There are 2 protein chains.
Amino acid sequence: MAKDVWRIGVAGLGTVGGGLVGFLAEAPTFAPVGARATIVAVSARDHARARDFDISAYRWFDDPSALAADPDVEVFVELIGGADGPAKAAVETALRLGKPVVTANKALIAKHGAALAILAEAHDAPLLFEAAVMGGTPAVKMLREAMVGDQVDAVAGILNGTCNYILTEMETGSRPFAEVLAEAQRLGYAEADPTTDIGGFDAAHKISILAALAFGCAPNFDAAEIEGVDRVELLDIKLAHDLGYRIRLVAQATRADGEISVRVHPALAPLGHPLAETRGALNALFIEGRRIGRIFIQGPGAGAGPTAAAVAADIADVMTGARRPVFQAPATTLKPFAAVDAAHRVGKAYVRLLVKDEPGVIAAVSETLAEVGVSIDSFLQKPVENAGGVPIVLTTHATPESVLLKAIERIGALSQVLEPPRMLRIARI
Amino acid sequence: MAKDVWRIGVAGLGTVGGGLVGFLAEAPTFAPVGARATIVAVSARDHARARDFDISAYRWFDDPSALAADPDVEVFVELIGGADGPAKAAVETALRLGKPVVTANKALIAKHGAALAILAEAHDAPLLFEAAVMGGTPAVKMLREAMVGDQVDAVAGILNGTCNYILTEMETGSRPFAEVLAEAQRLGYAEADPTTDIGGFDAAHKISILAALAFGCAPNFDAAEIEGVDRVELLDIKLAHDLGYRIRLVAQATRADGEISVRVHPALAPLGHPLAETRGALNALFIEGRRIGRIFIQGPGAGAGPTAAAVAADIADVMTGARRPVFQAPATTLKPFAAVDAAHRVGKAYVRLLVKDEPGVIAAVSETLAEVGVSIDSFLQKPVENAGGVPIVLTTHATPESVLLKAIERIGALSQVLEPPRMLRIARI
């Protein structure tokens with residue numbers, strides 16, 4: 001017989017937790033599948049802290065694992081964050097007791113998703129994490145549920161709103177990275193310690209999860225190659241724009257010949273391309289399937305409202321009684337993927353050099369590229385005020401990455417080249 | 001205990017049916033949720049017809065209702081099409097027996113969805129129709145499952161690939177409607193009888209379904225206002241482009257003040273807007289939720305591969321054992337929506353006139369608009385070779401639709417205006 005009421009325990013009362021409490025207070029009859037969800041208990045670090053939402057009706061737990069274990073809690077919602085520590089312990093406690101878990105914790109799933117999936121499936125407990133990726137935009141549901149009749153070859157997109165906000169502001173305001181970051185911190189768009197976002201780690205957590213869902217492998221955060229936006233210079237944004245591109249932090253996972261590549265790095269997307277046109281804190285994702293073709297999805301990637309709505313949708317899924325593998329295949333059969341050999345990667349690139357203002361420089365650079373086997377697509381030299389040198393920028397035709405790196409090393413060694421070349425990839429999407 | 005194998009009966013072996021048979025033949029171990037799907041029986045109009053896929057391994061039924069009733073068939077897949085007749089009878093037969101039904105039949109769901117949902121829920125049988133809207137792009141799943149933690153105020157998009165292909169070709173090739181339609185028919189992008197597509201009825205079926213999912217109402221195809229693309233002239237496409245727009249067949253459903261509006265009509269979308277940039281046979285949809293904000297999704301809306309993949313995803317959903325209402329709320333509580341009063345609608349418009357080439361015409365038109373209370377946003381007069389008159393085009397600021405229609409009537413009556421004015425709405429998205 002179907003249950004009428006599901007009793008929810010919420011651990012973590014930050015932005016998303018507050019959003020969820022607020023949502024269920026506004027919609028106490030939330031019964032999307034005929035049954036009703038009601039919060040019965042909460043947990044957070046500090047009971048006494050002032051909050052702009054009322055938790056007096058819920059039982060309080062100092063220890064999230066005790067909340068997860070409480071017999072009155074039927075569904076455990078984990079919004080604590082962090083890959084290890086109390087979040088992991090509490091999720092494990094709930095799963096061991098066969099309780100459904102809903103979490104927004106991308107680091108936890110990216111790093112421990114495989115082990116947690118085994119635990120979840122062994123105890124027949126759903127483990128859902130829609131809110132971990134793209135907030136209220138249902139990327140997880142799309143990959144886990146809608147693409148099962150297809151074979152996905154690639155997912156690629158913009159998964160960190162903070163980085164996209166910074167890149168957009170740098171371009172539209174013609175302001176340097178540090179200035180925009182400081183403003184984003186003031187406005188609350190970036191954390192006081194922004195490393196997780198701007199270092200690309202948050203996007204890497206998310207793409208590791210999407211890769212596991214897309215390809216039916218274990219999430220393998222350690223195999224992700226990660227470069228953040230902290231080294232993106234305003235000069236590159238301007239020069240890229242002159243060449244017809246915008247710089248975006250692209251997270252991508254691709255599968256080819258049995259190898260899987262998971263990467264996060266700044267990349268150039270052509271003006272007019274949906275990723276280039278994804279601005280501010282928006283997130284966006286392409287999913288490429290053999291039968292379905294390309295699906296593009298774009299929406300807000302964070303925020304209390306969207307993320308709490310994603311948690312609520314997961315709670316509704318729990319209430320339907322659905323059972324499916326956490327990652328496209330039974331967890332005991334998942335293998336961590338073999339990271340792709342960089343030599344197998346082929347792509348176009350943008351290379352910026354600071355060179356001496358003297359004759360023969362372009363010839364020397366061109367010859368070096370030709371020797372190594374890199375073919376030039378476009379060349380741009382613009383008068384830019386720059387102490388002690390002239391910036392030139394070139395884009396290449398598709399080149400094996402190993403060849404490209406060798407070429408850049410050789411160019412960097414030329415006497416006319418004044419600083420290490422800056423290479424950015426051109427997005428292959 | 002979870003079932004290991006689910007036995008599927010497929011009625012209808014056209015493009016999508018063939019795609020599904022091909023898919024399950026290629027992937028006979030299709031076990032997306034741990035269980036396996038296998039076709040056991042098929043039905044179509046003509047057993048003897050030559051097919052490029054093999055059906056010899058399946059039991060044959062001439063009558064789809066007999067197939068639906070067969071005790072060996074556990075899941076009934078309806079790919080016959082048509083709102084009434086054998087498709088409806090067979091779906092009802094399956095639901096009455098408590099068998100899950102998966103269908104790609106948009107006309108059936110748009111016209112009889114409310115009654116079928118009551119039948120489905122009374123017999124605890126899932127009724128799924130992802131493939132009915134946007135092919136492999138999971139619009140139905142997004143609205144039915146991912147938005148349950150939100151309140152949707154609007155859905156709007158491009159839901160008919162044939163119309164979008166025609167409009168795109170007219171613009172890029174500078175060719176008239178009839179020529180592009182004839183080519184589309186030759187290439188198989190349009191049916192021999194194209195009325196369902198170009199008349200806007202197919203898009204109206206789809207938006208009626210999405211409205212029911214978005215707002216938790218009964219689908220009410222009869223309340224949809226429908227205008228197709230058959231009256232879109234190349235001249236309007238060109239003039240709209242000069243003004244910074246592309247013409248798209250926009251299907252939209254909005255809810256405001258308890259009223260619901262479901263409409264399909266050609267509308268102008270600004271260049272650079274995702275709908276304007278949705279080209280060829282692609283489909284696209286905006287979903288606007290109060291908490292989540294705007295989600296945009298774009299992908300192929302038809303074709304054997306994508307649509308069969310959507311059917312397969314629905315079969316996987318059946319296998320999970322999930323139970324949820326067909327349309328966001330228990331079917332017995334669904335109400336058909338009250339159509340919005342046109343007087344309540346406000347929007348911008350494009351108006352094209354053919355006028356006498358004489359002084360004072362623009363003054364006369366402007367005065368007439370001012371008298372009725374319509375404010376002009378832009379005016380364009382271009383030398384266009386046209387027998388016996390000069391085309392002028394104007395766009396208005398936001399105006400109540402009743403006022404706009406009165407203004408157009410008055411302008412049409414001016415002695416200097418040579419033919420009935422052509423009005424197109426500017427998309428509000």
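If the requirement is being free of Cβ contacts under 8 Å to residues at least 40 places away in the same chain and either on the phi < 0 side of the Ramachandran plot or within 14 Å of chain A (Cβ to nearest Cβ) (or both), which of these qualifies: B:P126, B:P71?
The unique qualifying residue is B:P71.
Determine whether A:V393 is at pLDDT 90 or above, over 30 Å from B:K141 (Cα atoms) and assigned to a loop (DSSP other than H, G, I, E, B). So that I can check it myself, show each step before the final result.
Details: at pLDDT 90 or above: yes; over 30 Å from B:K141 (Cα atoms): yes; assigned to a loop (DSSP other than H, G, I, E, B): no.
Considered against the rule, which asks whether it is at pLDDT 90 or above, over 30 Å from B:K141 (Cα atoms) and assigned to a loop (DSSP other than H, G, I, E, B), A:V393 comes out as no.
Please find, among A:P266, A:P270, the residue that is out of contact with any helix residue (DSSP H, G or I) (no Cβ under 9 Å at 6 or more places or on another chain) and either crowded, with 21+ Cβ neighbours inside 10 Å or of a type outside the set (D, E, K, R) (or both).
Step by step, each of A:P266, A:P270 is checked, and only A:P270 is out of contact with any helix residue (DSSP H, G or I) (no Cβ under 9 Å at 6 or more places or on another chain) and either crowded, with 21+ Cβ neighbours inside 10 Å or of a type outside the set (D, E, K, R) (or both).
Name the single residue that is nearest to B:I39 (Cα to Cα) among those in the range B:327-345 being of a type in the set (V, I, T) and out of contact with any Asp or Glu (no Cβ under 7 Å at 6 or more places or on another chain).
B:T332
Residue-by-condition table, conditions (1) more than 19 Å from B:T278 (Cβ to Cβ); (2) within 13 Å of another protein chain (Cβ to nearest Cβ); (3) surrounded by fewer than 22 Cβ atoms within 10 Å (Cβ to Cβ):
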{"position": "B:A122", "(1), (2), (3)": "yes, no, yes"}
{"position": "B:T137", "(1), (2), (3)": "no, yes, no"}
{"position": "B:C163", "(1), (2), (3)": "no, no, no"}
{"position": "B:P176", "(1), (2), (3)": "yes, no, yes"}
{"position": "B:E179", "(1), (2), (3)": "yes, no, yes"}
{"position": "B:A182", "(1), (2), (3)": "yes, no, yes"}
{"position": "B:G188", "(1), (2), (3)": "yes, no, yes"}
{"position": "B:P194", "(1), (2), (3)": "yes, no, yes"}
{"position": "B:F201", "(1), (2), (3)": "yes, no, yes"}
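Could you tell me which of the residues B:I247, B:I260, B:I295 is among the aliphatic types (A, V, I, L, M), surrounded by fewer than 23 Cβ atoms within 10 Å (Cβ to Cβ) and over 14 Å from the mean Cα position of the chain (by Cα)?
Among B:I247, B:I260, B:I295, only B:I260 is among the aliphatic types (A, V, I, L, M), surrounded by fewer than 23 Cβ atoms within 10 Å (Cβ to Cβ) and over 14 Å from the mean Cα position of the chain (by Cα).
Just for the range B:397-426: of the residues that are among the β-branched types (V, I, T) and out of contact with any helix residue (DSSP H, G or I) (no Cβ under 7 Å at 6 or more places or on another chain), which one is farthest from B:A363 (Cα to Cα)?
B:I426
For (1) under 30 Å from A:L213 (Cα atoms); (2) outside the structural domain of A:E233 (by TED's automatic domain parsing); (3) within 32 Å of the chain's Cα centre (by Cα), each residue gets a yes or a no:
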| position | (1), (2), (3) |
| --- | --- |
| A:T333 | yes, yes, yes |
| A:A349 | yes, yes, yes |
| A:E358 | no, yes, no |
| A:A370 | no, yes, no |
| A:T395 | no, yes, yes |
| A:T399 | yes, yes, yes |
| A:K406 | no, yes, yes |
| A:E409 | no, yes, yes |
| A:V417 | no, yes, no |
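Output the qualifying pairs, or none if there are none: Cβ atoms under 6 angstrom, residues six or more apart or on different chains, first residue in the range B:140-153 and closer than 22 Å to B:T307 by Cα and more than 7 Å from chain A (Cβ to nearest Cβ), second residue β-branched (V, I, T) and surrounded by 24 or more Cβ atoms within 10 Å (Cβ to Cβ).
B:V140/B:V133
Tell me which of these B:V232 doesn't satisfy, since it passes every other one: (1) hydrophobic (A, V, I, L, M, F, W, C); (2) in contact (Cβ under 8 Å) with a residue 60 or more places away in the chain; (3) within 26 Å of B:G136 (Cβ to Cβ).
(3)
So, in the range A:1-37, of the ones that are of a type outside the set (A, V, I, L, M, F, W, C) and assigned to a loop (DSSP other than H, G, I, E, B), which residue ends up modelled with the highest pLDDT?
Just the residues of the range A:1-37 that are of a type outside the set (A, V, I, L, M, F, W, C), to begin with: A:3-4, A:7, A:9, A:12, A:14-15, A:17-19, A:22, A:26, A:28-29, A:32, A:34, A:36.
If we keep only those that are assigned to a loop (DSSP other than H, G, I, E, B) too, we end up with A:3-4, A:12, A:14, A:28-29, A:32, A:34.
Numbers: A:K3: 80, A:D4: 89, A:G12: 97, A:G14: 94, A:P28: 77, A:T29: 78, A:P32: 83, A:G34: 83.
So the residue we want is A:G12.
Condition check ((1) of a type outside the set (G, A, S); (2) under 29 Å from A:G34 (Cα atoms); (3) within 8 Å of chain A (Cβ to nearest Cβ)) across all residues:
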| residue | (1), (2), (3) |
| --- | --- |
| B:E259 | yes, yes, no |
| B:V262 | yes, yes, no |
| B:H273 | yes, no, no |
| B:A276 | no, no, no |
| B:L282 | yes, no, no |
| B:I287 | yes, yes, no |
| B:R294 | yes, yes, yes |
| B:V318 | yes, yes, no |
| B:P325 | yes, yes, yes |
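With under 28 Å from A:R279 (Cβ atoms) and not basic (K, R) as the only criterion, which of B:H273, B:H265, B:H344 stands out?
B:H273
State all residues of the range A:110-130 that are in contact with a Ser or Thr (Cβ under 7 Å, 6 or more places away or on another chain) and closer than 20 Å to A:V311 by Cα; if no residue qualifies, say none. Write out each step before concluding.
Just the residues of the range A:110-130 that are in contact with a Ser or Thr (Cβ under 7 Å, 6 or more places away or on another chain), to begin with: A:110, A:118, A:129.
Residues satisfying the conditions are A:A110, A:F129.
Checking the structure you have, find out if any residue of the range A:50-67 is in contact with a Phe, Trp or Tyr (Cβ under 9 Å, 6 or more places away or on another chain) and surrounded by fewer than 21 Cβ atoms within 10 Å (Cβ to Cβ).
no
The values are calculated or read from the model by the stated rules, or taken from the named source; none is laboratory data. In this text the structure is predicted, and so the values were computed from the model without any measurement. In this analysis, Cβ positions are derived from the backbone assuming ideal geometry, glycine residues included, and neighbour counts consider all displayed protein chains.
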